[in-house]
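Data block below; observations after.
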Amino acid sequence: MMEHTQLKVHALSDIDHLKVHGRTTGTLSPLTLFWTGSGIELNATGSELWIEVEVDYNHYEPWISILINGVPVSRQMLTAGRYWVCLFRGMNESASKNVRVVKDVQAMGADPDCSMQIHAVKSNGEFMPAPNRPYKLEFIGDSITSGEGAIGAKAESDWIPMWFSAINNYSTITAEALNAEYRIVSQSGWGVLSSWDNNPRANIPDYYEQVCGLLTGAKNEALGAFEKNNFAAWQPDVVVVNLGTNDGGAFHSPEWRDDSTGKTFKQRLNEDGSYKEEDIGAFESAAEQFLIKLRKYNNHAHIVWAYGMLGIPMMPAICRAVDSYAKKTGDRKVSVFQLPIMTDETVGARNHPGQLAHQHAALALTGYIKAILSEG
């Protein structure tokens, strides 16, 4: 391939109008992307634009989507190594293009070697101010919010990065509809109190204060994943919590055993199939404590507990937890919203919500959040 001789390399730190999306450490040399939906955005003239990535993994490779002027034009696996990826070429040199690179895959706690970094860009154009959006949204969730199964055929059952999508995702669709910046904090299988298989360590609240604390290993520590998140630098207008699905699944899964200590954990059912009062109470307490933590770090946000895409067995417990929190604290900026339940027509890969289910959820949630934002 003939190399464009007029391309100039720019370190990320030298681009005045670069926008970084998602929780990061703030470091641009290089920029490490941890979460689903994280990435960069810029407006660029020129006919050609590339980014220099550095990627590593053992089991789970990163995937990215490239959007030009708000439209997805490319989706690709990033293989291991340090190299250049072309975002566009041959376009109108004088026209300014809005370009977004979005990480499609969640933080992979099961693969301590998995990482994605951006070092630089090269272009034969100039960089212009990217649009400022009036709102900020944070989405907290599990596999649904990670976009697991939002892309791929219904028959797919392999648990691999290919079937994750940050683009065909209710969070992204909602943010786009509201012209909002957004961040995602999510992990497949995790819950408020425990994971689907009763692991009490696999809960989002314990790691919420950190940049990406649910990762593991010395490499991620060196990348800054365990640093305290700078909440003051990015305050959302609305926090959407979509958790509880895996907590409900724990009641129907075998007990979890800690091999190092021999301790076990199990959410239990009564003989009639109802939840044991002590155990459902533990979930409600965990949910209430998470709301306290969310309010501590998000002073002005309206907190919406949105739940139901894979059924609503935990809805009564969620409502009790939110109601208890509101009564005890007097916080009036917290509510519960039921998302549309996935159907046989809207199911995606791995028996998770497909793109159509995410669109239905986003449509409903957008209307609800729009009403909240209009009230101020």
Flagged in the range 41-55 as buried (at least 18 other Cβ atoms within 10 Å of the Cβ) and either touching a Gly at 6+ places or on another chain (Cβ under 9 Å) or free of Cβ contacts under 8 Å to residues at least 12 places away in the same chain (or both), in numbering order, are Ala44, Thr45, Gly46, Ser47, Glu48, Leu49, Val53, Val55
Counted residues in the range 288-327 being surrounded by fewer than 16 Cβ atoms within 10 Å (Cβ to Cβ), farther than 24 Å from Val211 by Cα and in contact (Cβ under 8 Å) with a residue 40 or more places away in the chain come to 2
Restricting the range 163-191 to residues that are open to solvent by less than 10 Å² (accessible area, probe 1.4 Å) and of a type outside the set (Gly, Ala, Ser), the one nearest to Leu365 (Cα to Cα) turns out to be Thr174
For the range 236-253 the number of residues that are open to solvent by 10 Å² or more (accessible area, probe 1.4 Å), in contact (Cβ under 8 Å) with a residue 60 or more places away in the chain and outside any loop (DSSP other than H, G, I, E, B) is 2
Residue hits (the range 203-235; without any contact (Cβ under 8 Å) to a residue 24 or more places away in the chain and under 16 Å from the mean Cα position of the chain (by Cα)) are Tyr207, Gln210, Gly213
Of those in the range 148-162 that are of a type in the set (Gly, Ala, Ser) and over 18 Å from Ile64 (Cβ atoms), the residue surrounded by the fewest Cβ atoms within 10 Å (Cβ to Cβ) is Ala155
Note on the range 310-346: residues farther than 18 Å from Glu138 by Cα and assigned to a strand (DSSP E or B) are Gly311
Residue hits (the range 354-368; in contact with a helix residue (DSSP H, G or I) (Cβ under 7 Å, 6 or more places away or on another chain) and either open to solvent by less than 10 Å² (accessible area, probe 1.4 Å) or aromatic (Phe, Trp, Tyr) (or both)) are His358, Ala361, Ala362, Leu365
Residue hits (the range 176-197; of a type outside the set (Val, Ile, Thr), under 19 Å from Leu215 (Cα atoms) and assigned to a loop (DSSP other than H, G, I, E, B)) are Gln187, Ser188, Gly189, Trp190, Leu193, Ser194, Ser195, Trp196, Asp197
Per the list (1) touching a Phe, Trp or Tyr at 6+ places or on another chain (Cβ under 8 Å); (2) open to solvent by 10 Å² or more (accessible area, probe 1.4 Å), residue check on Thr27 breaks on (1)
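The values are calculated or read from the model by the stated rules, or taken from the named source; none is laboratory data. These numbers come from a predicted model, not from an experiment. Quick reminder, even Gly has a Cβ in these numbers, built from the backbone with ideal geometry, and neighbours come from all protein chains shown. With ligands, DNA and RNA removed, areas are computed over all heavy atoms of the protein, side chains included. Shrake-Rupley method; radii C 1.70, N 1.55, O 1.52, S 1.80 Å.
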